[in-house]
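The structure appears right after this line, and notes come after that.
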Amino acid sequence: MGSTAELAAAVLMMLGFPCLMVAALVPSVPAFVAAAAVTYLADHYLHRRNSYLINRLSKVRAGLSIRFLIRQLLLVLLLARLSLSDDLIFYGAVGCFIAFYGLQAPHGALVTVIRNRRRLPVATRNVDLASRIRIPDAPPRRLLHRSAEKILHLDLAAVVGVLVSAATGSAVAGFAGIAGTLVLGCAYVLALLPYVRGRRVPSPPEAVLAAVDDWLRAYRPETVLYFSGSKDSAYQVNMWLETMEQLDSKPLIILRERVILQNLAPTTVPVICVPGGVHLMNMDLSTVRVALYAANVGKNIHMLRVPTMKHVFIGHGDSDKSASVNPFSKVYDEVWTAGRAGRDRYAVADVGVRDEDIVEVGRPQLAPIRTRRGVPEGRTATVLYAPTWEGWDDNPGNTSILLAGENIVRRLVTADPPVRVLYKPHPFTGTRSAEARAAHRRITALVEQAAAERAADPRFTAGAAEPNAAAADLARIEARLAELAGPVGGERGDEAEATRDGMVDLARHAEIAGLRAEWNDVYWRSVPDWEHRVVTGAEPRLYDCFNVSDAMVSDISSVVSDFIASGKPYAVTDSAELGAEEFRRQNTAVRAAVILSNGATELGELLAAVRDPAADPPARDREELKRYLLGPDEPASIDRFNTAVADLTLKARTRNLAQESHVAAGAVEEVEPEDAGQPAA
């Protein structure tokens, strides 16, 4: 249900309707009024919370309209039981409710038409469509937001009026309420009419698609980042935005799902969201020479079919997981890996990716990761626990959450000398497995309980002046960021308006970037260095957690490969219990790690390496492993990435010129006579 309050509201609503029927049969006007008030308020509260129950009731034929209709029918029953079936107020109530439901059809049709016409075939950011097509302002939010609930609640005037008439015996209040409901319903329908015609309607889909092609011909993109996925996978494309902004060629981002566009981080790169496969395949991408793919998904085929560009799998992480050597990768012209380790993985896996098609480009995203500095005197060491999610199967080696997570956290929060624990779970944790979801909640509870106990311990809470001062700065920065982001919950435009007004303000974008960097610095100063934390959501970012941590515990995932860039000690859990030797043989990234069993008894080795560099023999191994996994420090990864793009662009142009030559040669042969004196073919 989401919360105790939602559960209470749901129970009250479900009990309210039987109470309404009993009150109507008794009959009792006061009891009916009380039960009706409970059902109205509970229903409204659950809608505002977007409760899971509300979304499911329509599946069992107990949707919003049905609930209002039942309440109105029970009101009619109450009037009949009060012997008012021969009074005008009875016929007035029946006629009102019939007419009121008659208004639902034009109202629903108008709302649907308005939304459909304002849903453009593409949605964009940083693309100038406003000068090419008509995108008028959206209707006022109060007209379309939760529109079905709003018009149905207009029956409240009639219900109240009829109940007053039933209680007093005077029909005046009843007919006044009936008139109010019908007048308000008609006014609502009439208010929607102007938005389905004339210049308040956006240009038709054909004009929008033509405008996008016109913009593409003017912009002439050369390198495309293509992405498709679920709403929870937006991080996979967000990690590449800064790299796209640093490309030497003209970049473009193509998304396939509107929900990904909504969750896309701010960027200066032009973005086009094309949900329709036919629209994408007909889009003018003739100037694109390199397409980059961050995930292996079915919709990639819509772009892979284009032969005039070269296709590259860049992925969204580099690890020893089987996903890093997916056989699907052989459909791409090239596969770009961070370092030599990625190349070797494909060679060992033998899934059809040729060695000559692999290019080592480093990991441009790792530039913000700071190298090891050691633990300053007087500061509590910080250990990050960043497990991956449970995956699509039940392989015990997927995640440490299930078998080892609680043991890891319990040992860390009771360590002596004490350490601070940051728990940052994978965004997908618990999305497939109920057991993983339950384990995550238990781990969260452990961390929060330990944090509460430490906050009550005077050994840790002395000298809180700096965190308090930082908290004030944090509030200032967040207020400015909220101001720059625009109003939340007020009058906001729809997707069409966002497309029209989506051109980035470079000065504003730079200020936001600066504020976010400042926010990160102030955030960690606002948190005492002894305070355990559960870190979820987009901020603080994973790499920010790397930078404030002195060591990490994780699973086999790209998180480990990325953390190696810091040079700090780390531990990896052998959840499948392969044994340390076999675990290292199968997983390159753990060769310089402390290997943990599910009991996490080996954590002492990691904590010793954190406290004393002399107790950290794998330090030199980590440096060698870093070069093997991520490539050399020089030239910079972004320079190698740009070089790879330029080289592949040249290959694409060479291929296209060769094809043009073949076509031209074929045309010449076609017009030349086969023998002297014979006509041309």
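Computed values, structure above
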item: Residues of region 297-314 that turn out to be closer than 19 Å to THR243 by Cβ and free of Cβ contacts under 8 Å to residues at least 40 places away in the same chain, as a count; result: 2
item: Qualifying positions in region 496-548 - more than 27 Å from HIS426 (Cβ to Cβ) and outside any helix (DSSP H, G or I); result: ASP501, GLY502, MET503, VAL504, ASP505
item: Filter result (surrounded by 22 or more Cβ atoms within 10 Å (Cβ to Cβ) and over 27 Å from ASP562 (Cα atoms)) within region 288-302; result: VAL288, ARG289
item: The lone exception for ASP357 - which of (1) closer than 20 Å to THR654 by Cβ; (2) within 26 Å of the chain's Cα centre (by Cα) it fails; result: (2)
item: Which numbered condition ASP284 fails, given (1) in contact with a Leu (Cβ under 7 Å, 6 or more places away or on another chain); (2) not in a loop (DSSP other than H, G, I, E, B); result: (2)
item: Filter pass, LEU20 being part of a helix (DSSP H, G or I), surrounded by 15 or more Cβ atoms within 10 Å (Cβ to Cβ) and either of a type outside the set (Lys, Arg) or not assigned by TED's automatic domain parsing to the domain that holds LEU84 (or both); result: yes
item: Filter result (in contact with a Lys or Arg (Cβ under 6 Å, 6 or more places away or on another chain) and either under 16 Å from VAL383 (Cβ atoms) or exposed (fewer than 12 other Cβ atoms within 10 Å of the Cβ) (or both)) within region 591-622; result: ALA600, LEU603
item: The lone exception for ARG379 - which of (1) touching an Asp or Glu at 6+ places or on another chain (Cβ under 8 Å); (2) surrounded by fewer than 20 Cβ atoms within 10 Å (Cβ to Cβ); (3) at pLDDT 90 or above; (4) not acidic (Asp, Glu) it fails; result: (3)
item: Residues satisfying the stated conditions in region 581-590, i.e. surrounded by fewer than 17 Cβ atoms within 10 Å (Cβ to Cβ) and not acidic (Asp, Glu); result: ARG585, GLN586
item: Test for VAL183: is it in contact with a helix residue (DSSP H, G or I) (Cβ under 7 Å, 6 or more places away or on another chain) and farther than 23 Å from ARG305 by Cβ; result: no
item: Any hit, region 78-86, residues being assigned to a loop (DSSP other than H, G, I, E, B), modelled with pLDDT under 95, touching a Ser or Thr at 6+ places or on another chain (Cβ under 9 Å) and assigned by TED's automatic domain parsing to the domain that holds MET21; result: yes
item: Residue tally, condition closer than 25 Å to LYS568 by Cα, part of a loop (DSSP other than H, G, I, E, B) and of a type in the set (Lys, Arg), over region 336-386; result: 5
item: Residues of region 194-204 satisfying the condition of being more than 27 Å from ALA157 (Cβ to Cβ), assigned to a helix (DSSP H, G or I) and without any contact (Cβ under 8 Å) to a residue 12 or more places away in the chain; result: GLY198
item: Evaluation of VAL189 against (1) under 30 Å from HIS426 (Cα atoms); (2) of a type in the set (Val, Ile, Thr); (3) in contact with a Leu (Cβ under 8 Å, 6 or more places away or on another chain) (one fails), failing number; result: (1)
item: Qualifying residue in region 201-213 (condition: of a type in the set (Gly, Ala, Ser) and farther than 29 Å from ALA652 by Cα); result: yes
item: Region 525-545, residues that are within 22 Å of the chain's Cα centre (by Cα) and aromatic (Phe, Trp, Tyr); result: TYR543
item: Failed condition for LEU412, given (1) buried (at least 19 other Cβ atoms within 10 Å of the Cβ); (2) assigned by TED's automatic domain parsing to the domain that holds TYR293; result: (2)
item: Residue in region 432-443 that is surrounded by 14 or more Cβ atoms within 10 Å (Cβ to Cβ), closer than 18 Å to GLU531 by Cβ, modelled with pLDDT under 95 and among the polar types (S, T, N, Q) present; result: no
item: From GLU577, GLU539, residue being among the charged types (D, E, K, R) and either under 22 Å from GLU448 (Cα atoms) or in contact with a Phe, Trp or Tyr (Cβ under 7 Å, 6 or more places away or on another chain) (or both); result: GLU539
item: Residue selected from region 542-586 under the condition in contact with a helix residue (DSSP H, G or I) (Cβ under 6 Å, 6 or more places away or on another chain) and polar (S, T, N, Q), by the criterion nearest to LEU412 (Cα to Cα); result: SER554
item: Breaking point among (1) hydroxyl-bearing (Ser, Thr, Tyr); (2) crowded, with 19+ Cβ neighbours inside 10 Å; (3) at pLDDT below 90, for THR371; result: (2)
item: Residue in region 224-245 that is in contact (Cβ under 8 Å) with a residue 40 or more places away in the chain, over 20 Å from the mean Cα position of the chain (by Cα) and crowded, with 16+ Cβ neighbours inside 10 Å present; result: yes
item: Region 24-34: number of residues that are over 47 Å from the mean Cα position of the chain (by Cα) and either outside the structural domain of ARG81 (by TED's automatic domain parsing) or surrounded by 16 or more Cβ atoms within 10 Å (Cβ to Cβ) (or both); result: 4
item: Residues of region 35-64 that turn out to be outside any loop (DSSP other than H, G, I, E, B) and either surrounded by fewer than 16 Cβ atoms within 10 Å (Cβ to Cβ) or touching an Asp or Glu at 6+ places or on another chain (Cβ under 7 Å) (or both), as a count; result: 13
item: Qualifying positions in region 395-422 - in contact (Cβ under 8 Å) with a residue 24 or more places away in the chain and of a type in the set (D, E, K, R); result: GLU406, ARG410, ARG411, ARG420
item: Filtered residues of region 563-593 (kept if closer than 14 Å to ASP550 by Cα and in contact with a Leu (Cβ under 7 Å, 6 or more places away or on another chain)); result: ILE564, ALA565, PRO569, ALA571
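Residue-by-condition table, conditions (1) closer than 30 Å to MET244 by Cα; (2) at pLDDT 75 or above; (3) among the small types (Gly, Ala, Ser); (4) touching a Cys at 6+ places or on another chain (Cβ under 7 Å):
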position: PRO635; (1), (2), (3), (4): yes, yes, no, no
position: PHE641; (1), (2), (3), (4): yes, yes, no, no
position: ALA644; (1), (2), (3), (4): yes, yes, yes, no
position: GLN659; (1), (2), (3), (4): yes, yes, no, no
position: VAL663; (1), (2), (3), (4): no, yes, no, no
position: ALA681; (1), (2), (3), (4): no, no, yes, no
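The values are calculated or read from the model by the stated rules, or taken from the named source; none is laboratory data. The structure displayed is predicted, hence computed values, not measured ones. Glycine also receives a Cβ, built like all others from the backbone with ideal geometry; neighbour counts cover every protein chain displayed.
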